[in-house]
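The values are calculated or read from the model by the stated rules, or taken from the named source; none is laboratory data. Computed from a predicted model, the values in this text were never measured in an experiment. With ideal geometry, Cβ positions are generated from the backbone for all residues, glycine too; neighbour counts draw on all protein chains shown. When the accessible area is computed, the model is the full protein with side chains, heavy atoms only, and any ligands, DNA or RNA have been set aside. Shrake-Rupley method; radii C 1.70, N 1.55, O 1.52, S 1.80 Å.
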Amino acid sequence: MTNRSQSELLFEQARRLFPGGVNSPVRAFQAVGGTPVFFRSGRGARLTDLDGNEYLDFVGSWGPLILGHARPEVTAAIIEAAGRGTSFGAPSPLETDLAERVREAFPHLERMRFVSSGTEAVMGAIRLARAYTGRDLILKFSGCYHGHADSLLVKAGSGAATLGTPSSPGVPKALAELTLTAAYNDLAEVEDLAAAHPGRIACLIVEPVAGNMGCVPPQPGFLSGLRELCDRQGIVLILDEVMTGFRVAFGGAQELFGVRGDLVCLGKIIGGGMPVGAFGGRKEIMSILAPEGSVYQAGTLSGNPVAMAAGIATLKLLQERNFYPRLEQKGRRLEQGLRPILAHYPERLCFQRVGSMFCLYFRSAPVRSFEEAARSDTAAFSRFFHLMLDQGCYLPPAQFESCFLSAAHTMEDLDAFLDAAGHSLKIVFG
Ligand SMILES: *Cc1c(COP(=O)(O)O)cnc(C)c1O
């Protein structure tokens with residue numbers, strides 16, 4: 001067993017300060033048991049914990065770190081911006097620069113607004129959709145996570161699903177009743193719900209690749225079917241690309257699958273590891289946002305210069321030719337390397353991947369929805385997780401989360417992952 005005594009000491013102390021010892025639930029290892037690892041530093045694809053143990057990181061801060069940790073160009077941009085002042089509470093040219101780069105990737109974002117987290121971006125988009133349509137209902141998919149705003153903690157994914165509280169206490173019933181839910185990839189169910197509530201649904205919000213219940217790609221026709229339904233019924237389609245934006249392609253899932261949202265939410269990668277979110281879309285909808293219109297939304301640190309600088313430095317590197325093909329090569333290498341390993345355990349495992357997002361489910365058939373993901377053997381996953389950790393591979397500490405590759409992972413790193421996975425699975429399945 002790896003010695004992680006410093007993490008254990010720190011966790012003791014943290015538990016006297018924070019509920020569950022952490023500041024975001026999935027970090028607490030509750031799903032897999034044991035003590036969370038406290039990190040001292042990260043560099044490239046590697047993390048070092050307080051005891052000096054090294055890990056290959058497949059979490060990437062849950063998505064933002066597509067370039068790996070402490071990429072020198074990003075760090076330099078942060079330091080330079082901070083030296084010129086950390087916040088003005090007034091416009092700076094950095095906001096315009098980042099917005100222009102975002103629009104190169106998402107050309108139909110005629111107007112956008114920067115906020116400080118994905119949660120905030122989604123909150124803004126929902127309020128806007130309700131005001132624009134004059135309707136109250138929203139429709140989401142079970143197992144999709146859109147941040148922790150009240151209306152969206154209904155059959156939510158990520159930590160909420162992992163901890164068995166997909167519909168959180170504290171969300172007023174009257175509000176939860178305004179959120180309709182359907183199974184992911186089930187277009188027929190969405191059609192039925194829309195038919196049952198004619199003219200009452202303001203927006204339909206979807207993760208175009210579901211990354212908060214593992215990694216679930218949209219079935220052919222699913223996203224285009226949603227687009228069509230929204231057009232027919234005057235429903236605002238919100239693509240939540242907080243995770244997939246700049247991840248599955250420079251232009252996100254909308255580029256990869258050729259679907260357009262009326263509103264798009266971004267976060268994670270656009271902040272380059274700093275807190276940034278954004279929402280935007282058609283001018284006609286965005287122009288009802290204050291101060292142009294009357295829908296209120298604001299933020300003291302919105303468009304923060306240091307965070308903008310990190311985002312700009314990150315997007316610059318993503319704009320380099322061959323960035324995404326090279327990342328895809330790594331994903332493919334991992335998939336091809338896993339295939340012969342998984343063949344030893346027929347009907348026990350299912351590997352799903354979109355670009356540099358992937359998940360190894362401890363169940364057989366393909367996973368198309370949360371209902372199917374939930375049938376995974378989470379006890380087997382937990383054993384696998386700890387065996388991987390002891391071999392220096394840091395995975396998300398829950399079955400219902402996506403793993404991430406970064407530009408910093410080398411082919412040798414992937415081989416190390418494959419060796420560790422082969423060894424771990426042999427032990428898990430005896
Ligand atoms: C992470 C995530 C969010 C929430 O973003 P925060 O920055 O954690 O508030 C929203 N939607 C999706 C799809 C996400 O993956």
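Give the distance, in whole Å, between the Cα centre of the stretch 309-325 and the Cα centre of the stretch 61-132.
When both Cα centres are located, 14 Å separates them.
Among 261, 251, 230, whose Cα sits farthest toward the positive end of the charge dipole of the stretch 185-286 (+1 at Cβ of Lys/Arg, -1 at Cβ of Asp/Glu, about the Cα centre)?
251
Might you report the magnitude of the Cβ-based charge dipole of the stretch 72-318 about its Cα centre, with Lys and Arg at +1 and Asp and Glu at -1, to the nearest 20 debye?
Numbers: 20 positive and 24 negative charges, 52 e Å.
Computed charge dipole of the stretch 72-318: roughly 260 debye.
Please report the accessible area of residue 108 (heavy atoms, 1.4 Å probe, ligands and nucleic acids excluded) in Å², nearest 10.
About 20 Å², ignoring ligands and nucleic acids.
Cut-off 10 angstrom, C-alpha nodes, Gaussian network model of the chain. Which of 223, 65, 94 fluctuates the most?
For the chain, modelled as a Gaussian network with Cα springs under 10 Å, the answer is 94.
With a sphere of radius 11 Å drawn around the Cβ of residue 3, what net charge do the other residues whose Cβ falls strictly inside it have (Lys, Arg +1; Asp, Glu -1)?
Neighbour charge sum, excluding residue 3 itself: -3.
Tell me, for the chain, which Cys residues have no other cysteine's C-beta sitting closer than 4.7 Å.
144, 203, 230, 265, 350, 393, 403, each lacking another Cys Cβ under 4.7 Å.
If the elastic network links every pair of Cα atoms under 10 Å, which of 69, 409, 344 fluctuates the most in the Gaussian network model of the chain?
In the Gaussian network model the winner is 344.
Would you work out the relative contact order for the stretch 1-83, in percent, from Cα pairs under 8 angstrom that are 6 or more residues apart?
Result for the stretch 1-83 is 23 percent.
So with the 1.4 Å probe, I'd like the accessible area per residue for the chain, rounded to whole Å².
In whole numbers, the chain has 42 Å² accessible per residue.
Might you report the magnitude of the Cβ-based charge dipole of the chain about its Cα centre, with Lys and Arg at +1 and Asp and Glu at -1, to the nearest 20 debye? Each step should come with its number before you reach the end.
Details: 41 positive and 43 negative charges, 26 e Å.
Rounded to the nearest 20 debye, it is 120 debye.
Decide, for the stretch 72-318, between rounded, prolate and oblate: order the square roots of the alpha carbon gyration tensor eigenvalues as a ≥ b ≥ c, take rounded if a/c falls under 1.5, and otherwise choose prolate if a/b is larger than b/c, else oblate.
Taking the square roots of the gyration eigenvalues as a ≥ b ≥ c, the stretch 72-318 is prolate.
In percent, what relative contact order does the chain have, based on Cα pairs under 8 Å that are 6 or more apart in sequence?
That works out to 23 percent.
Treating only the Cβ atoms of Lys and Arg (+1) and Asp and Glu (-1) as charged, compute the dipole magnitude of the stretch 74-215 about its Cα centre; round to the nearest 20 debye. Walk me through the numbers before you get to the answer.
Values: 12 positive and 15 negative charges, 67 e Å.
Roughly 320 debye, rounded to the nearest 20.
So what does log10 I(q)/I(0) come out to for the chain at q = 0.11 Å⁻¹, using the Debye formula with one equal point on every Cα and no solvent?
Relative scattering, expressed as log10 I(q)/I(0), comes to -0.84.
Show me 18-26, 32-40 ranked by packing, highest mean number of other Cβ atoms within 10 Å first. Spell out each step's value before the answer.
Working: 18-26: 15.0, 32-40: 17.2.
Answer by packing, highest mean first, reads 32-40, 18-26.
For the stretch 299-404, which trypsin sites (Lys or Arg not before Pro) are both in a DSSP coil and crowded by at most 15 other Cβ atoms within 10 Å?
Here the sparse-neighbourhood loop sites are 321, 375.
In a shell of Cβ-Cβ distance under 14 Å around residue 351, excluding residue 351 itself, what net charge do Lys and Arg (+1) and Asp and Glu (-1) give?
Local net charge: +4.
Just want to confirm a number: the relative contact order over the stretch 72-318, from Cα pairs under 8 angstrom separated by 6+ residues, in percent. Walk me through the numbers on the way to the answer.
Values: 479 pairs, mean separation 76.4, N = 247.
For the stretch 72-318, the relative contact order is 31 percent.
In the chain, what percent of the accessible surface is made up of carbon and sulfur (1.4 Å probe, ligands and nucleic acids excluded)?
Carbon plus sulfur share of accessible area: 52 percent.
Out of the stretch 340-378, which GluC sites (Glu not before Pro) are coil in DSSP terms and have no more than 15 other C-beta atoms within 10 Å?
Hits after loop and neighbour filter: 347.
Give me the net charge for the shell around residue 424: Cβ to Cβ below 12 angstrom, other residues only, Lys and Arg +1, Asp and Glu -1.
Net local charge, residue 424 excluded: 0.
With a 10 Å radius around each residue's Cβ, average the other Cβ atoms per peptide and rank 260-266, 282-288, 208-214, highest first.
208-214, 260-266, 282-288
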